[in-house]
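J.: Dropping the structure in here first, questions after.
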Amino acid sequence: MKNVIYLETTTSTNRDAFEYAVQGAEHGTAVIADTQLNGRGRLGKTWRSPAGKGMYCSIILRPKVEPQNYPLLTFVAGLAVADAIEKLYGLSAGLKWPNDIYFKGRKCGGILTESSDLNGIEESRFAIVGIGLNVNTELNDFHPELHETATSLYLESDVILDVKTVFLEIRQELIKQVKSFEKTGFLPVINRWRTRDFLYGSRLAWVSVGGRKVEGVSLGPDDEGRLHVKDDSGKIHEVMSGDIRLCK
Ligand code: BTN
């Protein structure tokens, strides 16, 4: 059994996992905390982490893939989370490009993938997959401005779930799916990811690299994981990163 470090309180499990990885922790080592004081989300956002409500974990990966493909681990992780939840509770999660777990249009979790210096020597390279999942969160636990847009496994199933069970299944699923990614490449991953893509065909808005707001219809991710969006003039944009919002 690979190492699992359980913490009551920490600043951010991604930060802890990063430090363990620098010290040489092996592939699959994970840090999980009851609560985080400064949980980090994508694009510099904060991930609120109330104790006893959510799963906050970070898993160290040393995948045998080219370092430029490390960002694709976010897609592998999204699938691993969705598959684990389905296996445990029969709930079918949707995925929102590139890193969110959704149920019926409401966000239930997110993934933050961070990497070491990928130009460094192969032995010292690693990625940290940080996963935040609303497990037993009730509506009133969310900030009021999230009441219409957030959900939890509890709100979807009406059952209080064991956070540790959820974590162990996700970690096992992630390690398994990283192995398949190493063996068979990204195409089978993205093909399976597309079956959970809940944005496909929806109208969305994002801010382009130049800071311009663009609206269009999602055509889903291409074989390299870039999101394709068709704007009203018929032009197809390739979105590499950024915040994607569904238009009402
Ligand atoms: C997002 O949706 O923006 C990604 C959120 C990722 C949050 C998790 S919680 C565990 C791990 N530690 C962190 O500081 N962040 C990730």
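J.: Surrounded by 17 or more Cβ atoms within 10 Å (Cβ to Cβ) and within 10 Å of the ligand (Cβ to nearest atom): is that true of Gly110 in this structure?
T.: On the way: surrounded by 17 or more Cβ atoms within 10 Å (Cβ to Cβ): yes; within 10 Å of the ligand (Cβ to nearest atom): yes.
Yes: the conditions hold for Gly110.
J.: What are the pairs, 6+ residues apart or on separate chains, where a residue within segment 46-70 that is free of Cβ contacts under 8 Å to residues at least 60 places away in the same chain has its Cβ under 7 Å from a residue that is more than 12 Å from the ligand (Cβ to nearest atom) and open to solvent by 10 Å² or more (accessible area, probe 1.4 Å)?
T.: From residues that are free of Cβ contacts under 8 Å to residues at least 60 places away in the same chain, the pairs are Pro67/Leu118; Pro67/Arg125; Tyr70/Ser115; Tyr70/Leu118.
J.: Specify the residue that is nearest to the ligand (Cβ to nearest atom); the eligible residues are those in segment 32-47 that are surrounded by fewer than 18 Cβ atoms within 10 Å (Cβ to Cβ) and in a loop (DSSP other than H, G, I, E, B). Steps first, answer last, please.
T.: If we filter segment 32-47 for residues that are surrounded by fewer than 18 Cβ atoms within 10 Å (Cβ to Cβ), which is where we start, we get 35, 37-38, 41, 43-46.
Narrowing further to those that are in a loop (DSSP other than H, G, I, E, B): 37-38, 41, 45.
Details: Leu37: 10, Asn38: 7, Gly41: 3, Lys45: 5 Å.
Among residues in segment 32-47 that are surrounded by fewer than 18 Cβ atoms within 10 Å (Cβ to Cβ) and in a loop (DSSP other than H, G, I, E, B), the one nearest to the ligand (Cβ to nearest atom) is Gly41.
J.: Exactly one condition in (1) within 22 Å of Arg106 (Cα to Cα); (2) aromatic (Phe, Trp, Tyr); (3) over 16 Å from the mean Cα position of the chain (by Cα) is not met by Trp193; state its number.
T.: Unmet for Trp193, out of (1) within 22 Å of Arg106 (Cα to Cα); (2) aromatic (Phe, Trp, Tyr); (3) over 16 Å from the mean Cα position of the chain (by Cα): (3).
J.: Right, next: Can you find a residue in segment 45-55 that is closer than 20 Å to Arg15 by Cα and among the charged types (D, E, K, R)? Break it down into steps so the answer makes sense when it comes.
T.: Looking only at segment 45-55, we keep the residues that are closer than 20 Å to Arg15 by Cα, and these are 45-51, 54-55.
Those still in the list that are among the charged types (D, E, K, R) too: 45, 48.
There is at least one residue in segment 45-55 that is closer than 20 Å to Arg15 by Cα and among the charged types (D, E, K, R).
J.: So how many residues does segment 169-186 have that are touching a residue at least 40 places away in the same chain (Cβ under 8 Å) and open to solvent by 30 Å² or more (accessible area, probe 1.4 Å)?
T.: Narrowing segment 169-186 to residues touching a residue at least 40 places away in the same chain (Cβ under 8 Å): 169-178, 181-182, 186.
Next, from what is left, pick out any that are open to solvent by 30 Å² or more (accessible area, probe 1.4 Å): 169, 172, 175-176, 182.
So the count comes out to 5.
J.: On to the next question. Which of the residues that make up segment 48-80 are near the ligand (Cβ under 10 Å from one of its atoms) and of a type in the set (D, E, K, R)? Working first, answer last.
T.: To start, the set of residues in segment 48-80 that are near the ligand (Cβ under 10 Å from one of its atoms) comprises 48-49, 54-59, 74.
Hit for segment 48-80 is Arg48, nothing else.
J.: Could you name every one of the strands (runs of 3 or more DSSP E) located completely within segment 77-130 that has at least 2 residues being free of Cβ contacts under 8 Å to residues at least 60 places away in the same chain and in contact with a strand residue (DSSP E or B) (Cβ under 8 Å, 6 or more places away or on another chain)?
T.: Numbers: elements: 94-96, 100-103, 106-115.
So the answer is 100-103, 106-115.
J.: Right, here's the next one. Of the conditions (1) open to solvent by 30 Å² or more (accessible area, probe 1.4 Å); (2) outside the structural domain of Asp100 (by TED's automatic domain parsing); (3) on the phi > 0 side of the Ramachandran plot; (4) not hydroxyl-bearing (Ser, Thr, Tyr), Gly225 fails just one. Which one is it?
T.: That leaves (1) as the condition not met.
J.: Search segment 133-165 for residues being part of a loop (DSSP other than H, G, I, E, B) and charged (D, E, K, R), and hand back the single one that is nearest to Tyr6 (Cα to Cα). Talk me through it step by step, then tell me what you get.
T.: Let us first name the residues in segment 133-165 that are part of a loop (DSSP other than H, G, I, E, B), namely 135-138, 142-143, 147-149, 151-152, 158-162.
Next, only the ones that are charged (D, E, K, R) stay: 138, 148, 158, 162.
On the way: Glu138: 24, Glu148: 32, Asp158: 27, Asp162: 15 Å.
Checking each candidate, the answer is Asp162.
J.: So Lys2 ticks every box in (1) touching a Gly at 6+ places or on another chain (Cβ under 6 Å); (2) modelled with pLDDT of 95 or more but one. Which box is left unticked?
T.: The number of the failed condition is (2).
J.: Is it true that Leu91 is within 12 Å of the ligand (Cβ to nearest atom) and either open to solvent by 20 Å² or more (accessible area, probe 1.4 Å) or closer than 20 Å to Val189 by Cα (or both)? Give the derivation first.
T.: Working: within 12 Å of the ligand (Cβ to nearest atom): no; either open to solvent by 20 Å² or more (accessible area, probe 1.4 Å) or closer than 20 Å to Val189 by Cα (or both): yes.
Taking the combined requirement at face value, the residue does not satisfy it.
J.: Considering only segment 17-31, I want to know if a residue exists there that is among the charged types (D, E, K, R) and either within 12 Å of the ligand (Cβ to nearest atom) or under 16 Å from the mean Cα position of the chain (by Cα) (or both). Spell out how you get there, then give the answer.
T.: First pass over segment 17-31, keeping only residues among the charged types (D, E, K, R): 19, 26.
Applying the additional criterion that residues be either within 12 Å of the ligand (Cβ to nearest atom) or under 16 Å from the mean Cα position of the chain (by Cα) (or both) yields none.
No, segment 17-31 contains no residue that is among the charged types (D, E, K, R) and either within 12 Å of the ligand (Cβ to nearest atom) or under 16 Å from the mean Cα position of the chain (by Cα) (or both).
J.: So, one more: Please pick out the residue among Pro67, Pro98 that is at pLDDT below 95 and more than 25 Å from Asn38 (Cα to Cα). Break it down stepwise before answering.
T.: On the way: Pro98 fails: more than 25 Å from Asn38 (Cα to Cα).
Checking each option against the conditions leaves just Pro67.
The values are calculated or read from the model by the stated rules, or taken from the named source; none is laboratory data. A quick note: this is a predicted structure, and the numbers were derived from the prediction, not measured. For neighbour counting, all protein chains shown are included, and Cβ atoms are generated from backbone atoms with ideal geometry for every residue, glycine included. Heads up: the accessible areas ignore ligands, DNA and RNA and are worked out on the full protein's heavy atoms, side chains in. Shrake-Rupley method; radii C 1.70, N 1.55, O 1.52, S 1.80 Å.
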